[in-house]
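S.K.: Supplied in structure tokens, the structure appears directly below.
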Amino acid sequence: MRLIEAVFPVDKRDQVEDAVKKHKPTHWRFSATEEDDSAVLRALFVEEGAQGLVDALQDICENDDKWRIIVLPVEATAPKPDDGEEKDDKNNEQNGRKNVALREEIYDDVADGAELSLDFFILTFASAIVAALGLNADNIAAVIGAMVIAPLLGPILAISLGVALGDTKLLLRAGRNAVAGLALGFATAALIGAMFGVNMESDELMSRTVAGIDSVVLALAAGVAAALSIVAGISSALVGVMVAVALLPPAAAAGLFLGAGEIGSFGRSVLLLTVNVVCIMIAAQSVYFYKGVRPRTWFEQKAADRALRINIAVLAALLLFLVAIIVLAPTGSMPDVPGSGD
């Protein structure tokens, strides 16, 4: 349930009222403000329709200065929705549309992932240290701890949303964050590898040199879960750990191997990391498309749909190439560890 509160120019009252009647909120009312040239609309939506009204209000007011739309989550309402509204909710659930957040809510949730901050770099640096040392020591608890603190979910979701909305600025800012985060983690691990070497007998480390079809499935599942956590408006904390599982360990492993001069193992870790990044992006963008996350205007929708199709096609082609490498090259099994065959 959502409460839409809109302040708009009073001369737009008739247009706003027509929009309200078209989108049929559960409850709505108008009220005056202290300023004579403004009015307030409050509209409660039990489920569907809120996005349509928000878009309509933006279309009506976009050429004016004095307007503001506020979207508030509603935990409960009394009296409870009637039987007709409950039936609509069931139909929405069957159509896969239940609990879809508004476009503006989704954007607000992921926008932080497109902003560089000192905290982002500190968390990335710390998580890379913990991951690298944990992998080298074959310490699964340390690796899990690194994935908990790794801030990798935000940039990935922001990139996918930027593509879905055709928002080039968001896409570029999020891409910068993702590259900066992975580069920092990679460089940190490489420095540790150069200083301390690598433990080739560590199962945790060597498992990050194995890319198989199961890696593709895991990364696709992580991407779907990440996008759904935002679209459905639910907590993404645990989903962030799932995404970190696919990104941080192989990036740290690749850095360790490069720093220690183990080029063969470095290449296999990079392959796993690339597979995971591509799969997460494909899955997240597919979820946004399926859930109807689109720009507001028709022109923007056309441009975004075209960009999304091109982007998914390129990623799909890249994934097919990577899968071919996995199938044809000996990357689907643990490499031999010196002394292990005795």
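The values are calculated or read from the model by the stated rules, or taken from the named source; none is laboratory data. Keep in mind it's a predicted model, so treat the numbers as computed, not measured. Cβ coordinates were reconstructed from backbone atoms using ideal geometry, including for glycine residues, and neighbour counts include every protein chain displayed. Surface accessibility is based on the protein's heavy atoms, side chains included, excluding ligands, DNA and RNA. Shrake-Rupley method; radii C 1.70, N 1.55, O 1.52, S 1.80 Å.
S.K.: Strands (runs of 3 or more DSSP E) wholly in the stretch 1-46 with at least 3 residues that are without any contact (Cβ under 8 Å) to a residue 40 or more places away in the chain - which ones?
M.R.: 27-32, 38-45
S.K.: Right, next: Taking ARG173, is it in a helix (DSSP H, G or I), more than 21 Å from LEU318 (Cα to Cα), charged (D, E, K, R) and open to solvent by 20 Å² or more (accessible area, probe 1.4 Å)?
M.R.: yes
S.K.: Also, quick follow-up: Of a type in the set (Val, Ile, Thr), open to solvent by 40 Å² or more (accessible area, probe 1.4 Å) and assigned to a helix (DSSP H, G or I): is that true of VAL163 in this structure?
M.R.: No.
S.K.: Could you say whether any residue in the stretch 218-229 is surrounded by fewer than 16 Cβ atoms within 10 Å (Cβ to Cβ), closer than 30 Å to MET1 by Cα and either under 22 Å from the mean Cα position of the chain (by Cα) or among the aliphatic types (A, V, I, L, M) (or both)?
M.R.: yes
S.K.: Sticking with this one: Is the stretch 83-93 home to any residue that is modelled with pLDDT under 80, among the basic types (Lys, Arg) and within 30 Å of THR33 (Cα to Cα)?
M.R.: The answer is no, given that none of the residues of the stretch 83-93 is modelled with pLDDT under 80, among the basic types (Lys, Arg) and within 30 Å of THR33 (Cα to Cα).
S.K.: To continue, here is another question. What residue, among those in the stretch 129-152 that are closer than 13 Å to LEU248 by Cα and part of a loop (DSSP other than H, G, I, E, B), is nearest to the chain's Cα centre (by Cα)?
M.R.: If we take residues in the stretch 129-152 being closer than 13 Å to LEU248 by Cα and part of a loop (DSSP other than H, G, I, E, B), then LEU152 is nearest to the chain's Cα centre (by Cα).
S.K.: On the given criteria, is LEU256 over 23 Å from the mean Cα position of the chain (by Cα) and either of a type in the set (A, V, I, L, M) or under 22 Å from ILE129 (Cα atoms) (or both)?
M.R.: Yes; evaluated as a whole, the condition is true for this residue.
S.K.: Which pairs do you get when a residue that is over 14 Å from ALA189 (Cα atoms) and free of Cβ contacts under 8 Å to residues at least 60 places away in the same chain, found in the stretch 260-281, comes within reach of a residue that is part of a helix (DSSP H, G or I) and of a type in the set (Ser, Thr, Tyr), reach meaning Cβ atoms under 9 angstrom, with the pair 6+ apart or on two chains?
M.R.: Hits for this filter: GLY267/THR209.
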